[in-house]
Amino acid sequence: MLVIGIAGGTGSGKTTVVNKILQQLNAEGVNVLSQDNYYHDNQYLTLQERESLNYDHPKSIDFDLLLSHVKALKKGESIEQPVYSFVTHSRTGDHITIEPKNVLIVEGILVLTNAELLKEFDLKVFVHTDSDERLIRRIRRDTQERGRDLEEVLHRYQTTLKPMHQEFIEPSKNYADLIVPNMKHNSVAIDFLTTVIDNSLKKS
């Protein structure tokens, strides 16, 4: 199994890169695990308490569960992936059964910050985008898709997103095998990743 880790700051376009890869491939042979489903379940806290948590610090991620799921899939075992709600800031209680496939993509802002998870990746990718562009994308996503107001988004960006990016996410770029500038359509990088994955699918 080929395992690829794809990281980058919030709004950098990680999901877009993954989707472009899948569009050019036989997606039937590829699994995608999103870090977003592996936030710790904080249902024991009130909604107000959950809203105030720092979701951009590595401690917010249940890396033990994510790592165990990656290892299980590599062993040919199925997993029960939790489903996370950004509205309630907690797991929904639902699960998605994922069967192992030939290629596994693990994507999220912090997936290159965990030393044990890094060992499981055959290829590590960092999607780089200008900070102003990332902020604009984050505002659009959180206000349009997650029901947040502008003041809340900007406050979170200033108090947690930006400092956490500088402390954890940007330095994790040093572990990447490939850095993808994502200010415009980067067909060369997408084609390269597609070729690597396609070759792995053909060998299996």
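The values are calculated or read from the model by the stated rules, or taken from the named source; none is laboratory data. Everything quoted here is computed from the prediction, not taken from an experiment. Positions of Cβ are backbone-derived with ideal geometry, glycine not excepted, and every protein chain shown enters the neighbour counts. What goes into the accessible areas is simple: the full protein's heavy atoms, side chains included, and nothing from ligands, DNA or RNA. Shrake-Rupley method; radii C 1.70, N 1.55, O 1.52, S 1.80 Å.
Which semi-axis lengths, in whole Å and largest first, follow from the square roots of five times the eigenvalues of the Cα gyration tensor of the chain? Spell out each step's value before the answer.
Details: eigenvalues 145, 89, 44 Å².
Each semi-axis is √(5λ); the values are 27, 21, 15 Å.
Above 16 Å, the calculated P(r) of segment 101-154 contains 58 percent of its Cα-Cα pairs. Between the alpha-carbon centres of segment 30-71 and segment 113-173 there is a gap of 14 Å. Site pair residue 68 and residue 19 shows an inter-label distance of 3.2 nm when each label is modelled 7 Å from Cα along Cα→Cβ. What you get for segment 22-149, charging only the Cβ of Lys and Arg (+1) and of Asp and Glu (-1), is a dipole of about 160 debye around the Cα centre. Protein heavy-atom accessible surface, 1.4 Å probe, per residue over the chain: 50 Å².
Taking the inverse of the mean reciprocal distance over all distinct Cα pairs, the Kirkwood hydrodynamic radius of segment 36-124 comes to 14.0 Å.
Estimated from helices alone, the mean residue ellipticity of the chain at 222 nm is -10000 deg cm²/dmol (sum of -39500 (n - 2.57) over DSSP H runs with n ≥ 4, per residue).
Take each peptide in 85-92, 13-20, 37-44, count the other Cβ atoms within 10 Å of every residue, and average; sorted highest first, the result is 13-20, 37-44, 85-92. For the chain, the longest principal axis of the Cα atoms and the long axis of helix 14-24 meet at an angle of about 30 degrees. Applying 1/(1 + (r/R0)^6) with r as the Cβ-Cβ distance of residue 80 and residue 191 and R0 = 35 angstrom yields a FRET efficiency of 0.50. What's the angle, to the nearest 10 degrees (0 to 90), between helix 187-203's Cα axis and the longest principal axis of the chain? Helix 187-203 sits at roughly 50 degrees to that axis.
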